[in-house]
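To start, the structure under review is shown below, and the notes come after it.
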Amino acid sequence: MRKQSPVPTEFDQPFYDACNEERLVIQHCPACNRFQFPPRTMCPRCGASNLTWQQVSGRGRIQSRVVVYDSPVSALIPDQPFNVATIALEEEPDVIMLSHLPGVPVDAVPIGATVEVIFETTPATGQKVPEWRVVG
Amino acid sequence: MAFLISFDIDGTLEFGDPPGGITVEMVRRAQDLGFLIGSCSDRFPSAQKALWEARDIKVDFVAAKHMLPDIRARFVALKYLHIGDRDLDQQLAEKAGFEFLWDHEGVAEPWLAWLDAHAAE
Amino acid sequence: MPIPIAPHSWHRNREGLGIWEGRGKVVATGVGTSPTARRWDEKPETSLGALTILAIRRAIEDAGISPDEIDGIVLTPESTTGVSNDPNSPAPEGWSDVFKMVDYPQAGITRGDIDWLLLNMPELKNVQFKMNGPVCMSVAFTTAAEAVSRGLTGTCLVVRGWHNLAGRYYVGQGAAARDTASGPGKYGGIWGMPACATTAMIFEEYCNKYGKNHDMMAPFVVEERRNGLMNPDGFFTQHRPEMITVDDYLSGRWIAKPANIYDNDLPIQAALAVIFTTPELAKHHKQKPVYILNHAQTRPELQGAIPTLAEWERSSDKMGRMLYEGAGIGPEDLSFENMYDGFTLFHQFHVEGLRFASRGEKRGYALDLYQTDISIEGPNPVSPSGGNNGNGRTRWWHHRDSILQIQGRSPSQITRPAEYGVSGAHMPNFCDALIWGASVE
């Protein structure tokens, strides 16, 4: 699918650089011992700004799904309808990422299935972004 | 065998919200010439019916706009046309096997030429 | 000088605070509502600013007081959740012939502004207290409640206007039309979810957990439209007096399945003003005073790209506990609930967090409740205002109706006595809510 290319900033460059190296790296708060995504300047729980970037396993579980029939994003309209699923990361299920679940037929998302991260190249700039495929 | 025209309402017909360029007179003219006409819109089907009745037009069908495939299945026609004002209208129309015209293209009533073309065949 | 917002300490956002110190010190009296429109036609007299001025004058008249008595204003400056103009975009031709202007041209057009109002409402000559209640009118209400209870203003207007510009709300415009994505939207937006999709995602999780389905929403949606069509000030009554049927709802086009088009509220133009004052000052107001018994706030935990069912349940449970603790009442005391509904699919999270009409159930019961009598005539009136789904998107119809219900003059008045009610907005994990009461007893 023709996703928009995210434009990294100085702040979230570590996340996007890692994506281009096909590694999933997200923020971790040492004080709370808690992961978070998307990147933020501080931990929303304790306010700490000394967050670290840590590579995670790239495994997760499909938590829920919708089927998008009317997307606001022009580039995706030709692909409608399409799946979007929430992925709960193995390390911390409250950390949620999104996925189009490439290869999964529309409306046939296996809730609870195990997934692993893959990386998809977005066409406008070549920036890679995390995607997920069902492995079991 | 007839031609079938489906109108979106909001942004397409003059009584839509926002109003579009297709007038009630254009719709009436098509109907008088034997076209099957109706609407496929995001308005409730019951509301669509009321909108047409308020203009004294007895339409052949009303449906939600994603039900265009059902309309095609219900009516046998030489051509199927949907007129709308959104990319989504175009996408739904083409997936359902309808030709598509943008609202501003419909103002010229290009369907009237179909009759002549058909008569000439 | 920039207009301040409430100090963080004014917001009641944790448990254990006890009865609210302002309980019994603040009441609502007059209510003024503008006419509605689907979109702005670019005429000054139908602008957000003009509608807001009209709503304020109606509220003052409704309370039966003089404009001289108004000494405070709390306003929500944001006036849309959709497309807006840059604050410095020029005003349309003729605007400055009708309205005096402040230092940016979009005041009164795509942004509410207290100084703009005061400049254009010379009758409000005694306003000393000015504060913004950002993002949602719920915040303006809780801010005004604190301000009155703390003696910072005696008779205070609470105000919010909404604009809706021509064109489609989000679709294929601005950032959504580009082939790159910047800003916070890039982390989730590139997956192309429409606004209702987060709610739909969590609703789906809810249905999977509790064995429910989207069809079970139909009685709620139909009842809301029925209630909304009783309101002469509502958008649908004024412009599309069309009743929705169960079949209409169930045949609705999917936007993000399981959310269909009728699960989305319709953006409109409208304005509301309400008078907050003290019980003492309210004695000469024309309308019955409605007590604010407590208010509370929740905010997101922000751990993932979107929230989870678990977060929404935790957060709305906490909201229920905080509200009851500070108000000194329990769920069994509520005569009605008027929580936000735009999107319809999250209304039940608020209902369950409040344990409204619970028979001991904690979670997973609201869609079953919807299959019972939830009408204004029944024992458990759900969203008697008709909400935003039944009246158009403002995020304030439910607050307005809570006041009118307790005053006994709602156009969709519940049959049972309206003694205590609750209203709040917007999301189950991002909410400001109030308990309203006929008395403090």
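Derivation of every value follows stated rules applied to the coordinates shown; laboratory data play no part. No experiment lies behind these values; they were computed from the predicted model shown. No Cβ is skipped: glycine too gets one built from the backbone with ideal geometry, and neighbour counts run over all protein chains shown.
Please give, to one decimal in nm, the separation of the simple spin-label points placed at B:THR23 and C:ARG226, each 7 Å out from Cα toward the Cβ.
Each label point lies 7 Å from its Cα, and together they span 4.2 nm.
Can you run phi through the Karplus equation (6.51, -1.76, 1.60; θ = phi - 60°) for segment A:60-65 and list ³J(HN,Hα) in whole Hz, with x for Gly and Pro?
Once θ is set to phi - 60°, the couplings for segment A:60-65 become x, 9, 6, 8, 7, 7 Hz.
If R₀ is 56 angstrom, what is the calculated FRET efficiency for the pair B:TRP102 and C:PHE430, using the beta carbon separation as r and rounding to 0.05? The partial results should precede the final answer.
Numbers: r = 39 Å, r/R0 = 0.70.
My answer for the efficiency is 0.90.
With an 8 Å Cα cut-off and a minimum separation of 6 or more residues, compute the relative contact order for chain C in percent. Provide the component values of the computation, followed by the final result.
On the way: 985 pairs, mean separation 103.4, N = 441.
Normalised by residue count, the contact order of chain C is 23 percent.
Would you please give the residues with an amide H less than 5 Å from that of C:ALA256, counting only those at least 5 places away or on a separate chain, with H modeled from the backbone geometry?
Under 5 Å from the amide H of C:ALA256: A:TYR69.
Simple spin-label model, 7 Å along Cα-to-Cβ: C:ASP97 to B:ALA77 in nm?
4.7
With θ taken as phi - 60° and the coefficients 6.51, -1.76 and 1.60, list the Karplus ³J(HN,Hα) couplings across segment C:200-206 in order, rounded to whole Hz; mark glycine and proline as x.
Taking θ as phi minus 60°, the curve returns 4, 4, 6, 4, 4, 4, 4 Hz for segment C:200-206.
Ignoring everything except DSSP H segments at least 4 long, calculate the 222 nm mean residue ellipticity for chain A; use -39,500 (n - 2.57) per segment, divide by total residues, nearest 500. Intermediate results must be reported in sequence, preceding the final value.
On the way: 1 runs with 8 residues, N = 136.
Rounded to the nearest 500, it is -1500 deg cm²/dmol.
Tell me, what ³J(HN,Hα) does each residue in segment C:106-119 have, in order and in whole Hz, if you take phi through Karplus 6.51 cos²θ - 1.76 cosθ + 1.60 with θ = phi - 60° and put x for Gly and Pro?
Ordered by residue, 3J(HN,Hα) equals 8, 4, x, 10, 10, 7, x, 7, 5, 5, 5, 4, 5, 5 Hz.
Below 11 angstrom from the Cβ of A:GLU116, what's the summed charge of the other residues (Lys, Arg +1; Asp, Glu -1)?
Once all neighbours under 11 Å are counted, the net charge is +1.
Which of B:PHE15, B:PHE44 has the fewest other C-beta atoms within 10 Å, and how do the rest follow up to the most?
If I rank by nearby Cβ atoms, fewest first, I get B:PHE15, B:PHE44.
Apply the a/c threshold of 1.5 to the C-alpha gyration tensor of the protein assembly as shown and tell me whether it is rounded, prolate or oblate.
oblate
Taking 7 Å along the Cα-to-C-beta vector as the label spot, tell me the A:VAL106-A:TRP53 distance in nanometres, rounded to one decimal.
3.7
Want the number for C:ASN88 to C:MET216: 0.36 nm per residue separation, take away the alpha-carbon distance, what's left? Before the final figure, lay out the partial values.
Working: separation 128, 0.36 × 128 = 46.08 nm, distance 4.64 nm.
The C:ASN88-C:MET216 span can extend by a further 41.4 nm.
Determine the calculated [θ] at 222 nm for chain C from helices alone, applying -39500 (n - 2.57) to every DSSP H run no shorter than 4 residues and normalising by the residue count; nearest 500 deg cm²/dmol.
One gets -8000 deg cm²/dmol as the mean residue ellipticity at 222 nm.
Nothing charged except the Cβ atoms of Lys and Arg (+1) and of Asp and Glu (-1): what's the magnitude of the dipole of segment C:132-213 about its Cα centre? Round to the nearest 20 debye.
60
Provide the FRET efficiency to the nearest 0.05 for the C:SER439-C:ALA310 pair, computing r from the beta carbons and using R0 = 51 Å.
After rounding to 0.05, the efficiency reads 0.85.
Going by the alpha-carbon gyration tensor, a ≥ b ≥ c the square roots of its eigenvalues, is segment B:3-120 rounded (a/c under 1.5) or, if a/c is not under 1.5, prolate (a/b greater than b/c) versus oblate? If you can, show how the numbers build up before the last one.
Numbers: a/c = 1.31, a/b = 1.17, b/c = 1.12.
It comes out rounded by the Cα gyration axes.
Which FRET efficiency value, to the nearest 0.05, do you get for B:GLU53 and B:LEU112 by plugging their Cβ-Cβ distance into 1/(1 + (r/R0)^6) with R0 = 35 Å?
Details: r = 25 Å, r/R0 = 0.72.
Once the sixth-power term is evaluated, E becomes 0.90.
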